[in-house]
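The values are calculated or read from the model by the stated rules, or taken from the named source; none is laboratory data. Source: prediction; values computed, not measured. Quick reminder, even Gly has a Cβ in these numbers, built from the backbone with ideal geometry, and neighbours come from all protein chains shown. Quick note on the areas: whole protein, heavy atoms, side chains included, nothing else; ligands and nucleic acids left out. Shrake-Rupley method; radii C 1.70, N 1.55, O 1.52, S 1.80 Å.
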Amino acid sequence: MNDVPKPSVSDHSAARRVLVAIVIFVVAHFAFLVKVSSPDKFYFDEVHYVPAARQMLAADPSAGVLNPMHPPLAKQLIALSILSFGDSPLGWRYAGVLFGALAIVAVYFCGLVLFAAPGPAVAASLIAFFNQMVFVQSRIAMLDIFALTFGLFAIAAFMHGFRQQRPNLWFGVSGLFSGLSIASKWSGLFVLATCIAIIAVIRLLQRWRTVFGEANADDWYRPDLWPDFRFWRLATCFVLLPGVVYFSTFLPLYGFSISDILEAQRRIFADNTTTAWPSWPFLTRPVWYLFDKIDEDHAAAIVMLGNPLVLWPALAALAVCLRDVVVKRRWDAFLIVSFYLGSYLAWALLPRTLGFLYYYLPPATIASLALVYLLRRGNCPRWWLWAFVAVASAAFTVMLPISAAFVGTSMENFNRLMIFQNWI
């Protein structure tokens, strides 16, 4: 009996972190699930995606593919939810609830990597929850929450591998989740492109034999980083693996018809561009998902807006992160800024006039990490972070009447919450 090894401190620590992740998932899951069937009808873009999911269940080869402008995975997940819970509001939306809770867990995992402590990681997940955007997007049968969740897990895996000498496994996991994100919505490409761009920059600096003066362990670049990560490994992790995952999701629809699969890509490309991106961080134009008059003085409303007390301060936090990348060469700030800008500025490359605030969902969620970084920086008192979480929570509660249809609101309160004229 004396030969039985005792669990190490690290084993206990890992178990606690997994337990915290489970608690976060359960709490977020049930918070997103509360009266998710309200309204009991299609609203906003559910009119496109639920019929497309129904068609997948019908499996009628003679019918044209509904909603061909997006990849199939997210709609397949909605279809699976309908198959499991019935063709009802719960069936339409449960998959979003599930993946919304997983998105909050993914933020927690990102925080664990960046801050090496469960407390700040929990704070990051809470800020992401109270940001309002994930809450609203998890309770509607749309595609964005699936792309976000897979993308966040890809980011968490990449962050975990970034500081390791042999990142092959974690970079492969990142590529796998990137493929799933792209298979949900093409905006998932931005995470994959950011991973490739980061590796390309590191390799370019190494080829130039760049050395930072007064180098230290927190530098985002080191000449000896990833000595065994060859080009073929990069191609496998971030091209071949995501490509296989992505194209495999088309097989249930088109079989092995290469021409049909390529035509599907052409149709997707033709519909996925926008130029409305510059205004998103400032929340100048929310999206009204639902506005139903209950009576003369009351309405049920769902507005995709984002929590101003989270997203406006996040701009300052991101500026500090950018400053620390340049001045202090911090690896954690570098990764936060890279994935925020990679998922935001990529929209500037796409030439379409139509754009919606919910496209800002991934960078807005990543911004929660920047806020935690700022509030833990230097000699900031620890209570500042938790005070900010409390403020975000209060603002989230105030916004519930325009975030969840079942709450309802008076017209007076609705007009009060629509602070600016361009929000109406």
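The figures follow:
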quantity: Subset of the stretch 157-199 [among the small types (G, A, S) and under 16 Å from L341 (Cα atoms)]; calculated: S187, G188, A193, A197
quantity: Set L225, L253, L241: member being within 23 Å of the chain's Cα centre (by Cα) and either among the hydroxyl-bearing types (S, T, Y) or surrounded by 13 or more Cβ atoms within 10 Å (Cβ to Cβ) (or both); calculated: L241
quantity: Selected residue [without any contact (Cβ under 8 Å) to a residue 24 or more places away in the chain and touching a helix residue (DSSP H, G or I) at 6+ places or on another chain (Cβ under 7 Å)] from L322, L357, L318, L335; calculated: L322
quantity: Residue that is most open to solvent (accessible area, probe 1.4 Å), among those in the stretch 343-367 that are at pLDDT 95 or above and in contact with a Phe, Trp or Tyr (Cβ under 9 Å, 6 or more places away or on another chain); calculated: P362
quantity: Search result, residues across the stretch 93-136 that are of a type in the set (S, T, Y) and either open to solvent by less than 10 Å² (accessible area, probe 1.4 Å) or under 24 Å from A217 (Cβ atoms) (or both); calculated: Y108, S125
quantity: Filter result for D297 (open to solvent by less than 20 Å² (accessible area, probe 1.4 Å) and charged (D, E, K, R)); calculated: no
quantity: Complete set of residues in the stretch 149-208 that are of a type in the set (S, T, N, Q) and either surrounded by 24 or more Cβ atoms within 10 Å (Cβ to Cβ) or assigned to a helix (DSSP H, G or I) (or both); calculated: T149, N168, S174, S178, S181, S184, S187, T194, Q206
quantity: Sole residue being among the small types (G, A, S) and modelled with pLDDT under 95, chosen from A117, A147, A124; calculated: A117
quantity: Any hit, the stretch 211-226, residues being at pLDDT below 90, closer than 25 Å to A154 by Cβ, of a type in the set (S, T, N, Q) and out of contact with any Lys or Arg (no Cβ under 6 Å at 6 or more places or on another chain); calculated: no
quantity: Residue check, R376 open to solvent by 30 Å² or more (accessible area, probe 1.4 Å) and either at pLDDT 95 or above or within 16 Å of A197 (Cβ to Cβ) (or both); calculated: no
quantity: Flag for F190 being under 30 Å from V47 (Cα atoms), in contact with a Phe, Trp or Tyr (Cβ under 6 Å, 6 or more places away or on another chain) and among the aromatic types (F, W, Y); calculated: no
quantity: Criterion (outside any helix (DSSP H, G or I), under 20 Å from L309 (Cβ atoms), under 21 Å from the mean Cα position of the chain (by Cα) and in contact (Cβ under 8 Å) with a residue 40 or more places away in the chain) met by exactly one of A404, A370; calculated: A404
quantity: Long-range neighbours under 6 Å by Cβ, at least six apart or interchain, first residue of a type in the set (K, R) and surrounded by 15 or more Cβ atoms within 10 Å (Cβ to Cβ) within the stretch 49-70, second in a helix (DSSP H, G or I) and modelled with pLDDT under 90; calculated: none
quantity: Residues within the stretch 107-163 that are touching a Pro at 6+ places or on another chain (Cβ under 7 Å), over 14 Å from V20 (Cα atoms) and touching a residue at least 24 places away in the same chain (Cβ under 8 Å), tallied; calculated: 2
quantity: Boolean, I140 is outside any helix (DSSP H, G or I) and either surrounded by fewer than 22 Cβ atoms within 10 Å (Cβ to Cβ) or touching a helix residue (DSSP H, G or I) at 6+ places or on another chain (Cβ under 7 Å) (or both); calculated: yes
quantity: Any chance F99 is aromatic (F, W, Y), in a helix (DSSP H, G or I) and farther than 28 Å from P252 by Cβ; calculated: no
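Yes/no per residue for (1) closer than 30 Å to H70 by Cβ; (2) in contact with an Asp or Glu (Cβ under 9 Å, 6 or more places away or on another chain); (3) open to solvent by less than 90 Å² (accessible area, probe 1.4 Å); (4) modelled with pLDDT of 95 or more:
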| position | (1), (2), (3), (4) |
| --- | --- |
| D3 | no, no, no, no |
| H12 | no, no, no, no |
| V27 | no, no, no, yes |
| F30 | yes, no, no, yes |
| D45 | yes, no, yes, no |
